[in-house]
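The values are calculated or read from the model by the stated rules, or taken from the named source; none is laboratory data. Source: prediction; values computed, not measured. With ideal geometry, Cβ positions are generated from the backbone for all residues, glycine too; neighbour counts draw on all protein chains shown. These accessible areas exclude ligands, DNA and RNA; they are computed on the full protein's heavy atoms, side chains included. Shrake-Rupley method; radii C 1.70, N 1.55, O 1.52, S 1.80 Å.
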Amino acid sequence: PRLVSAQHAAHSSQRPRLSGARMAESNTTTSMTRERPAARAAAFRSQTVARQSMHGGTRRPKSARAPPERALRLLVVAVASAGSAGASSHADVSRGIERARLYGNMNKYAYYFTDLLVGSQRQETTVIVDTGSRLLGFPCTICDHCGKHIDAPFDVKASTSARWLPCDDTCLGECENNECTYHETYSEGSSISGRWFADMVQLGGTEIGNPAVRARMGCHEHENKLFYTQRANGIMGLAPMGANGAGSGNGPYTILHDFFKDKKHVKSEVFSLCLAKWGGELVVGGNDDSYHAEGHVVQWTPMLASHYYFVYPELLEMEGMSSTDSPTKVALSNPEFGVSILDSGTTFTYLPSPIYSALKNALRSKCDGGACGGAVREGDCYRLRDPSKGPKGFPNIMMNFRGGVRIEWPAHGYLHERGQPGVWCQTFMENNLYQSVFGISWMLHKEVIFDIKQQRLGIVKAKCPEYHKDTDNNYLQKTEVVSGRMGEFLLRSLEKPRKQKATLFSSLIERHTKLGLLVACGTAMTLAAIAGWACSIMRARSLARRIMAQNVENEPMDGLLNVEAQGTRHGPEDFGVPVLPWTSGYAAPL
């Protein structure tokens, strides 16, 4: 989970989600965000359902089955296809890269996730791909408080290759009761805890065939809030380690360390993410240029890979609506963005208040009056005149990064469809801290290449592959994170869609129930305010009596705290371990 703006949820009766690091997911009648996200896309049938529908939902009788000759031909084709898939997998290994399918999307899940095969029995588990944190962990059968996820909890006892980490120098966390344990708390309020263990892990599902590596992982014994309600089993942090990168051995441990140590199969300390509307691809050891848009090449900008992936934006502007309409300058220098990171665990993109306000006003100025293809603004959303065309009439956002790199952020990235068809809402949010987080909404429809060894980031427009899980059709995240101020979070339950045939009687009961709850809440808040006011007066009078009795002037009293406000703005070069308390839900542990 990561962040979601309270304003996002306020402009309509819709909702958002993870924050993320995770954010909220939304349904078709409510607005979105997770940081887990918000709006939904049309439901997709699984391949199994599709095949059943082709055959009337039932298996054909023997008399209707293909004759032996045709069956033989189909068998030959199937074997050839399997051989082709295997050849492709071996070809990737020979090239020094490993690839894995990504699932999820910004609206329904508010995050992207992949499969892992763990242990001697190759038990499958799903993990959120998060470049803002470092832990690889998921629920085990020993968990006493874990939610219902896509895959069954990992059974440590069933894996002959699994070993609990001892309480010695190899322990990555803390030793409690002679067990090597961990406890991670994330910025949106969720937490996970458990024990460290080592086992074999294979990137991707059974259809991929990547080689396994031995890695250290977390076995969740307890999870709450968004970790408890999310569909993906766990999380896979891909943040870099110390100042010398992921493979240097400095700083906190990460699964990248194990992938990059496997020099036989992974040629370089590089990985890439290619995020489509649904799913995408993760490549470790390099990138895949077969998805790059025609006529586009990778642009490289300097990156500081130290605990987070820092980048250096230098300009943001909104293009004009015509050749005679000049671009609207929004930000003109790197200091205006503050400290900036890329975080695939954050659903939306967060910008400092001045940039956010200027960008929102520029969009309104360009589009008010129906100038953007006839779209009508509704708060921070736009209702399109022709939903089938998408937001094609909207201007592009252009960004410059250090090194002369110029990147396009198109309308189908900074807007997304949510709530109902044809309603597209902003995916850039306000950050009340002087920092920028480029999340999923900024990374969509690009291949983003993290070259840790050379400390550079590659970006190129791409047509990323799409993949779906069978659960896509039925899943809806139950909670969202709403953030009016970064660092201040509220968990909201998704409003269930109302039945189309609700009776008048049920509607009246619903209204009176809501009114009763509002009155009760208002009364409780009033009583609390009165009690606090009374306590303040009593405390003030007591303090006055103490001062008069002691005849003390301008000296601190016992029991009173003199707190000096602190807050110095730093760039990534100013500190060894950046403190980013706002990182989204599945982002950096506090």
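Here are some notes:
- Considering residues of the range 175-192 that are under 30 Å from the mean Cα position of the chain (by Cα) and modelled with pLDDT under 90 only, the residue surrounded by the fewest Cβ atoms within 10 Å (Cβ to Cβ): Thr185
- The single condition from (1) under 21 Å from Tyr103 (Cβ atoms); (2) out of contact with any helix residue (DSSP H, G or I) (no Cβ under 9 Å at 6 or more places or on another chain); (3) among the small types (Gly, Ala, Ser); (4) buried (at least 21 other Cβ atoms within 10 Å of the Cβ) that Gly205 fails is (4).
- Residues in the range 323-351 that are farther than 25 Å from Val423 by Cβ and of a type in the set (S, T, N, Q) were compared, and the one that is surrounded by the most Cβ atoms within 10 Å (Cβ to Cβ) is Ser344.
- Flag if Asp115 is closer than 30 Å to Gly194 by Cα, buried (at least 22 other Cβ atoms within 10 Å of the Cβ) and at pLDDT 50 or above: yes
- For the range 208-225, the candidate set comprises residues that are within 24 Å of Thr170 (Cα to Cα) and of a type in the set (A, V, I, L, M, F, W, C); within that set, the residue that is surrounded by the most Cβ atoms within 10 Å (Cβ to Cβ) is Met217.
- Once the range 165-174 is narrowed to residues that are open to solvent by 30 Å² or more (accessible area, probe 1.4 Å) and among the hydrophobic types (A, V, I, L, M, F, W, C), the residue that is nearest to His257 (Cα to Cα) is Leu172.
- The range 273-388 holds strands (runs of 3 or more DSSP E) entirely within its bounds, and those carrying 1 or more residues that are at pLDDT 95 or above and among the acidic types (Asp, Glu) map to 280-284, 313-318.
- Once the range 130-164 is narrowed to residues that are farther than 17 Å from Arg231 by Cβ, at pLDDT 95 or above and within 17 Å of the chain's Cα centre (by Cα), the residue that is surrounded by the fewest Cβ atoms within 10 Å (Cβ to Cβ) is Leu136.
- Scanning the range 312-322 for residues that are open to solvent by less than 40 Å² (accessible area, probe 1.4 Å) and in contact with a Ser or Thr (Cβ under 8 Å, 6 or more places away or on another chain) turns up Tyr312, Pro313, Leu315, Glu317, Met318, Gly320.
- Test: Pro395 is in a loop (DSSP other than H, G, I, E, B) and open to solvent by 10 Å² or more (accessible area, probe 1.4 Å): no
Okay, residues lined up against (1) of a type in the set (A, V, I, L, M); (2) more than 17 Å from Arg418 (Cα to Cα); (3) open to solvent by less than 40 Å² (accessible area, probe 1.4 Å):
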| position | (1), (2), (3) |
| --- | --- |
| Ser353 | no, yes, yes |
| Leu359 | yes, yes, yes |
| Leu363 | yes, yes, yes |
| Gly369 | no, yes, no |
| Val376 | yes, no, no |
| Tyr382 | no, no, yes |
